[in-house]
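Chemist: So that we are looking at the same thing, I have put the structure below in structure tokens.
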């Protein structure tokens with residue numbers, strides 16, 4: 001099991017005042033983090049729109065990460081919900 005620190009942006013920042021949460025995951029890919037985060041949100045924040053995860057991106061310090069990519073070595077990832085506007 002690996003611990004990942006997820007920095008929270010947009011609607012996700014309402015989950016914790018520190019704007020980051022620790023997530024325990026099995027696996028080494030962004031898809032594994034997305035799955036673990038979905039379960040954690042359902043358990044700890046059942047009123048939150050967990051479906052937002054399906055449309056959100058994950059990024060490390062330099063770029064957006066796809067589901068099939070490995071988690072960063074430093075274990076820090078940001079979750080970026082979709083943004084609209086002009």
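The values are calculated or read from the model by the stated rules, or taken from the named source; none is laboratory data. If you're wondering where the values come from, they're calculated on a predicted model, not measured in any experiment. Cβ placement follows ideal geometry from the backbone for every residue including glycine, while neighbour counts extend to all protein chains displayed.
Chemist: Out of all the residues in segment 3-19, is one or more surrounded by 14 or more Cβ atoms within 10 Å (Cβ to Cβ), under 10 Å from the mean Cα position of the chain (by Cα) and without any contact (Cβ under 8 Å) to a residue 40 or more places away in the chain?
Modeler: no
Chemist: Return the pair list, or none, for Cβ contacts closer than 8 Å from residues in segment 28-40 that are closer than 18 Å to residue 81 by Cβ to residues that are modelled with pLDDT under 95 and assigned to a helix (DSSP H, G or I), at least 6 apart or on different chains.
Modeler: Between residues of segment 28-40 that are closer than 18 Å to residue 81 by Cβ and residues that are modelled with pLDDT under 95 and assigned to a helix (DSSP H, G or I), the close pairs are 34/53; 37/53; 38/50; 38/53.
Chemist: For segment 48-71, which positions are more than 13 Å from the chain's Cα centre (by Cα) and within 16 Å of residue 23 (Cβ to Cβ)?
Modeler: 48, 70, listed by residue number.
Chemist: Just wondering, is there one or more residues in segment 29-47 that are buried (at least 16 other Cβ atoms within 10 Å of the Cβ), modelled with pLDDT of 95 or more and over 11 Å from the mean Cα position of the chain (by Cα)?
Modeler: The answer is yes; a qualifying residue exists.
Chemist: Now for a separate question. Which residues, counting only those in segment 59-86, are without any contact (Cβ under 8 Å) to a residue 40 or more places away in the chain and surrounded by 16 or more Cβ atoms within 10 Å (Cβ to Cβ)?
Modeler: Residues satisfying the conditions are 59, 60, 65, 72.
Chemist: Let me ask you something else. Filter segment 30-86 for residues that are closer than 12 Å to residue 15 by Cβ and touching a strand residue (DSSP E or B) at 6+ places or on another chain (Cβ under 7 Å) and give the result.
Modeler: Matches in segment 30-86: 37, 40, 79.
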